[in-house]
1. Check the straight Cα-Cα distances from K490 and name the lysines below 23 Å, setting aside those fewer than 8 residues away within the same chain.
2. Among the listed pairs K245/K828; K577/K828; K102/K444; K124/K393, which are separated by more than 31 Å between their Cα atoms?
3. Return the Rg/Rh ratio of region 683-829 with Cα-based radii and a Kirkwood Rh.
4. For region 35-105, what is the accessible area per residue in Å² when the probe is 1.4 Å?
5. Could you work out what % of the accessible surface of the chain is carbon and sulfur, using a 1.4 angstrom probe and leaving DNA, RNA and ligands out of the count?
6. Mind checking the per residue accessible area of region 556-610 for me, 1.4 Å probe, whole number of Å²?
7. Quick query: amide H of L617 versus all other amide H atoms, modeled in the peptide plane; which residues come in under 5 Å with a sequence gap of 5 or more or a different chain?
8. Could you please put T647, T816, T286, T368 in sequence from largest to smallest accessible area, using a 1.4 Å probe?
Amino acid sequence: MSNIYSLQSIVGITHGSWIQHVSDEQISDILIDSRAIVNPSNSIFFAIVGQRNNGHKYIEELYEKGIINFIVQETLDVSKLTNANIIKVPNTLQALQLLATKKRREYNIPIIGITGSNGKTIIKEWLYQLLHNDYNICRSPKSYNSQVGVPLSVWQLNDENTLGIFEAGISLPHEMQMLQSIIDPTIGIFTNIGNAHSEGFDSIEAKTHEKFKLFKHVQCLIYCKDYEAIANEIINYNTQHSAEKQIKTFSWSKKSKADLVIGKISIQQNTTQLQGIYNNSFIQITIPFIDSASIENAIHCWCLMLYLGIEQSIIEERMLQLSPVAMRLELKEGINNCVIVNDFYNSDINSLAIALDYLNAQPLVKKTLIISDIFQSGINEEELYLKVASLTKSKNIDRVILIGPAISKSKNYFLLNTESYNSTEEFIVSFKSDNFNQEAILLKGSRLFEFEKISQLLQQKSHETILEINLNALLNNYRFYKSKLNSNVKVMAMVKAFSYGSGSYEVANILQYNRVDYLAVAYADEGVELRRRGIKTPIMVMNVTADSFDKILEFNLEPEIYCTRLLNQICIWTKTKINKTKSFKIHLKLDTGMHRLGFMPQEIEDAIHSIKMSGLLQVSSVFSHLVASDNVEYDEFSKKQIEIFETTCLSIEAQLGYNFEKHILNSGGITRFKNAQYDMIRLGIGLYGISNVDEEKPFLENVCTLKTVISQIKNLEIGDTVGYSRKGKIEHKSKIATLPIGYADGFSRKLGNGNYSVLISGKLAKTIGNICMDMCMVDITNIDCNEGDDVIVFGQELSITEYAKALDTISYEALTSVSERVKRIYLKE
């Protein structure tokens, strides 16, 4: 077995051939993301070609950063890659999968493969918690379960591992066969089957059949017989095969005979007791969760441990100690212009590497890691903390704060300015807020160390109402629209109006990391703030004034010019401010029918004359705005606008004597007017999963969730009233909850007196009485809930569209009306 492969062996494994062979290198690390370089000299970059991106575009950039080993599938100009080793293969994704398959075949250890519609990552992480005392475990980082994620996960196998746990996810037919070959599990867990990711399948049965392919060589498959499609698939498979080829199973059920029959389920305040019959004996476990998904996930883990022969008394003890799994990173605004990345409760060397990559995606120059002792690593402390220290150095972390007795002993492995504390309490006692300033801080701690206390110290203080922004969902929506574009069409993302209420910098940063082409802001000050926080992507400013020209120049912003007055002002300004050897980029806006801002077609000739006479202005783009891009009723008007735009652009090009970028489509027009994509589109509200185009809606994800909590509950009698002016009249015995959200948070007075319902414990609760400045009241008479429970104002379960409808407005206004005093929390898987 080997953790290092020679380039020559990789050529053979991947069925490749040399384009250029300069040196013999030993490869230990695989790289597919040009932004996540750790060990350049021993890394090989696979230029993966996907629907939305092409790794070949980043080869020169990587070469400049020290990467010299590449696997490609396209023809390259190697003139600028003189010292690079370049292997060409028919398909880079398949080459990556072949290399991981070869690695897997070198390990004769138990491998658990997990698939299903839900619960894969939770079960994997819980099995790690339950089995780390018995095995040295290699597992998928986070939810790496795709055609790319699975080979990257399996590549982590090393000689010290005695167990592997890998998850596999699919969304289309014929995807599982390769994942099965890579993972080649000896034990399978089929979690469940449902409608998640069903778009590519004709039926539940078709999806079950495809997922089942993961288990065709397992020694045992663990599953729930209550999922009829899974049970039938197993029966059909075994019926068609001889006894020696049939799949052996370990089943559980609440309804019928099985290896583990689940009996009574007793849900208490914070725990659930599960009783069962196994081998004709009564057994039971208690888990610290009460939701149905956790109960099902825990039963799968219970079955696996029984199959492995672990004593029931040990199972009971460990099940009670299960802890929540942090599925997503949290990004929060911190004190003194800091950014806080919360990734505690999930502390291990593999997840640390992923979290450090995310930390490095934050443009703030200074990067700080606060990390605790790491438990359950399976390797000795000296080797473990040497690896952690090496990782922090390779990721260019500026400061490391160690918390815990074990990691503190290894302080000399780390940077010179590393601090160490034996406990979280010791750190808190010595904490000084002035020591944290304009830096990105990653909190990476084991649950025992209660890093939430440190997070509270570092966060900006605010009340209990928050707006959660799911950055994964935002990126999904961004990629969806990108997939609708013709090749080489650029994307300008609108981050004006505080990114529709979601926070300009945080949204701009994740888009910059994912290589958006342009950003657009409403005012120069917004662009200046983005530049000061490290955003380097080109930025167009949509509403400029003469007194903002100096800032626009200083911070390399690009103004929109929409009228003769503004053009004349900027022509005069450039004569004294712009070096005659340079040019100043501007964007011309045309009025093709909106009649808001923009040059009318008859004004263009004089405008172009002024631009040419200036000699210092360069037209970077010409654009216009459709009046009703998402409304079929006005399609003829939209087409007329596009015709006027195209004719005017041709005239401008003829007069200027050079080409420029053209864009007219906003979110609503991308799918509906494909012939008008030109050089760029402007993506705004679609980023947030909001669309009036029916064919787009199934593919978009909710991004923003406005949440609050129950501050107090009162029991009121008939005749009592609630709120100002006694508007909320109690007509029967009622239970009323007060929520810390009011019109100062953007929760409008229009929503009071029963005009809107929030979601509490999965049920709707109507407002009662007038909305106050900082609070409102809702009727929870028929809802089982407690003070401190979460309340959803809008989100996945309660659409922003319904919220906007109650406000008698549109989703744009509803999102942007959420006050900036409401704390934004950014979630990233």
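The values are calculated or read from the model by the stated rules, or taken from the named source; none is laboratory data. What you see is a predicted model, and the numbers here were worked out from it, not measured in a lab. Glycine gets a Cβ as well: all are built from the backbone with ideal geometry, and neighbour counts include every protein chain shown. Ligands, DNA and RNA are excluded from the accessible area calculation, which covers all protein heavy atoms including side chains. Shrake-Rupley method; radii C 1.70, N 1.55, O 1.52, S 1.80 Å.
1. Output for K490: K57, K482, K536, K585, K589, K639, K662, K674, K697.
2. Working: K245/K828 43 Å; K577/K828 43 Å; K102/K444 33 Å; K124/K393 29 Å.
Long pairs (Cα-Cα over 31 Å): K245/K828; K577/K828; K102/K444.
3. Working: Rg = 15.9 Å, Rh = 16.0 Å.
Over the Cα atoms of region 683-829, Rg/Rh equals 1.00.
4. Numbers: 3120 Å² over 71 residues.
Result: 44 Å² of accessible area for each residue.
5. Working: 17030 of 35900 Å².
For the chain, the apolar C and S fraction of the accessible surface comes to 47 percent.
6. 53 Å²
7. Residues meeting the criterion, in which the H sits 1.01 Å from N, are F584.
8. Values: T647 85, T816 60, T286 40, T368 0 Å².
Putting T647, T816, T286, T368 in descending order of accessible area: T647, T816, T286, T368.
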